[in-house]
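Below is one structure; the comments refer to it alone.
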Amino acid sequence: MDGDGVAQGGRPGRAHMKPLHIGSLTIPGPFLMAPMSGYSSAVDRAIAREHGAHACLTELVSAKGLVFSSRRTRSYLQRAPGEDPFWVQLFGGEIESMAEAARIAAAHGAEILDVNMGCPVRKVTSGGAGVALMADPERAAGIVRAMRAATDGRVPVTAKFRAGRDREDAAAVAFGRRLEAAGAAALILHPRPGREHHSGPADWTLVRRLREAVAVPVIGSGGIRVPEDGYRMLEETGCDGAMVGRAALGNPWIFTGLRARRRHVPTPAERLAVVLDHFGRFATLVGDATTAVRMFRARALFYSRGLEGGAAYRAELVRVREPAALEDMFRRFFGRAEQVPGYVPGHGRRPGED
Ligand SMILES: Cc1cc2nc3c(=O)[nH]c(=O)nc-3n(C[C@H](O)[C@H](O)[C@H](O)COP(=O)(O)O)c2cc1C
């Protein structure tokens with residue numbers, strides 16, 4: 001029962017799958033996986049790319065962690081095999097440590113550096129990083145300039161930011177212009193206020209306004225649930241790239257669908273093969289098998305979204321400890337799981353709330 005997606009909504013439209021140019025680099029198309037902390041490891045990025053994502057970003061990596069040589073932080077600088085470009089997102093509120101972290105990340109092979117200027121989590125904003133930078137455009141611009149200088153202008157620097165801090169503060173357009181003037185090679189806009197975290201509507205008109213206000217590429221991030229949304233974002237806003245966040249969790253097939261311009265509903269066999277492959281590679285990445293099982297649980301929940309019989313699966317999942325038991329569970333569940341008819345990947349919902 002393959003999708004009734006784009007065709008049902010009419011023609012896919014005039015948006016072409018144009019390459020995305022960032023600095024001197026060319027990404028073959030516009031559909032990217034959004035950085036998501038906890039879900040953007042080298043393995044998650046590889047799985048997304050193998051299903052059609054044109055590029056992925058790492059999750060936010062602490063500049064201070066890199067500078068103080070935390071082993072755990074440096075482990076985030078792992079490039080997936082064949083990952084091209086290797087696009088690393090850094091966070092920090094201090095110009096000096098962001099510049100130094102840029103040098104370290106570039107030495108680890110980063111080809112594009114992104115600055116997180118959108119994260120609303122207190123642990124991040126209390127250090128002046130994430131969305132706190134939107135309150136201090138001068139420092140935000142200083143960070144972009146310093147990161148470029150630290151890498152001799154060889155590594156394009158992008159920035160990902162929000163509509164503003166709250167709904168009244170639609171600062172994104174002026175902020176984006178400021179970053180462009182500081183040398184940002186592309187701008188990524190998640191058009192929700194920081195205060196709203198990930199709930200509420202994404203305001204695509206703001207993406208359009210930013211697109212009209214700057215010359216560098218603009219990438220929209222927010223509100224894509226099914227492939228036709230990706231094309232609609234490109235068309236309605238004129239943006240150059242479209243990022244998929246939550247709808248890609250446990251659902252790399254959204255990228256298959258974006259490439260094919262129609263929804264792709266995986267067969268049970270396809271689902272089983274991918275979840276086993278994802279877990280196997282993730283366990284190798286993590287090293288310790290029991291830790292890998294624990295860390296994979298949330299991913300395993302996402303894979304079950306929208307499938308019949310999910311409640312029993314979820315109850316079993318919280319008890320499983322051993323890789324072999326987890327794989328056995330996957331075989332029993334995904335080997336025959338059918339999609340709930342008409343299911344659309346959820347937004348603003350946590351796994352289990354489908
Ligand atoms: C679990 C989770 C983790 C996230 N982590 C990051 C992050 O590390 N860096 C970042 O810039 N944005 C992060 N985001 C925001 C996403 O990149 C994206 O902009 C947002 O989810 C909106 O897109 P969506 O509606 O397609 O999910 C995260 C979002 C989620 C749900």
Single residue of Gly29, Gly65, Gly93, Gly38 found to be in a loop (DSSP other than H, G, I, E, B), farther than 23 Å from Arg225 by Cα and not hydroxyl-bearing (Ser, Thr, Tyr): Gly93
Close pairs from segment 220-237: first among the polar types (S, T, N, Q), partner part of a loop (DSSP other than H, G, I, E, B) and modelled with pLDDT of 95 or more, Cβ under 7 Å, at least 6 apart: Ser221/Ala34; Ser221/Gly245
Out of curiosity, is Tyr313 hydroxyl-bearing (Ser, Thr, Tyr), within 16 Å of the ligand (Cβ to nearest atom) and outside the structural domain of Pro28 (by TED's automatic domain parsing)? no
Name the residues in segment 261-289 that are aliphatic (A, V, I, L, M) and touching a residue at least 40 places away in the same chain (Cβ under 8 Å), would you? Val265, Ala269, Leu272, Val274, Val275, Leu276, Ala283, Leu285
Would you point out the residue of segment 111-168, among those that are assigned to a strand (DSSP E or B) and over 17 Å from Gly222 (Cβ atoms), that is nearest to the ligand (Cβ to nearest atom)? Val115
Among Glu180, Glu111, which is the only one that is in contact with a Leu (Cβ under 8 Å, 6 or more places away or on another chain), of a type in the set (Asp, Glu), under 28 Å from Ser24 (Cβ atoms) and without any contact (Cβ under 8 Å) to a residue 60 or more places away in the chain? Glu180
Unique match (being within 23 Å of the chain's Cα centre (by Cα) and crowded, with 21+ Cβ neighbours inside 10 Å) among Arg192, Arg165: Arg192
Which ranges mark the helices (runs of 4 or more DSSP H) fully within segment 198-265 that have 2 or more residues being more than 13 Å from the ligand (Cβ to nearest atom) and among the basic types (Lys, Arg)? 204-213
Go through the residues of segment 85-92 one by one and say whether even a single one is touching an Asp or Glu at 6+ places or on another chain (Cβ under 9 Å), under 26 Å from Ile27 (Cβ atoms), assigned by TED's automatic domain parsing to the domain that holds Ile27 and not hydrophobic (A, V, I, L, M, F, W, C). yes
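The values are calculated or read from the model by the stated rules, or taken from the named source; none is laboratory data. For clarity, every value in this text was computed on a predicted model and none was experimentally measured. Note that each Cβ is placed from the backbone with ideal geometry, even for glycine, and that neighbours are counted across all protein chains shown.
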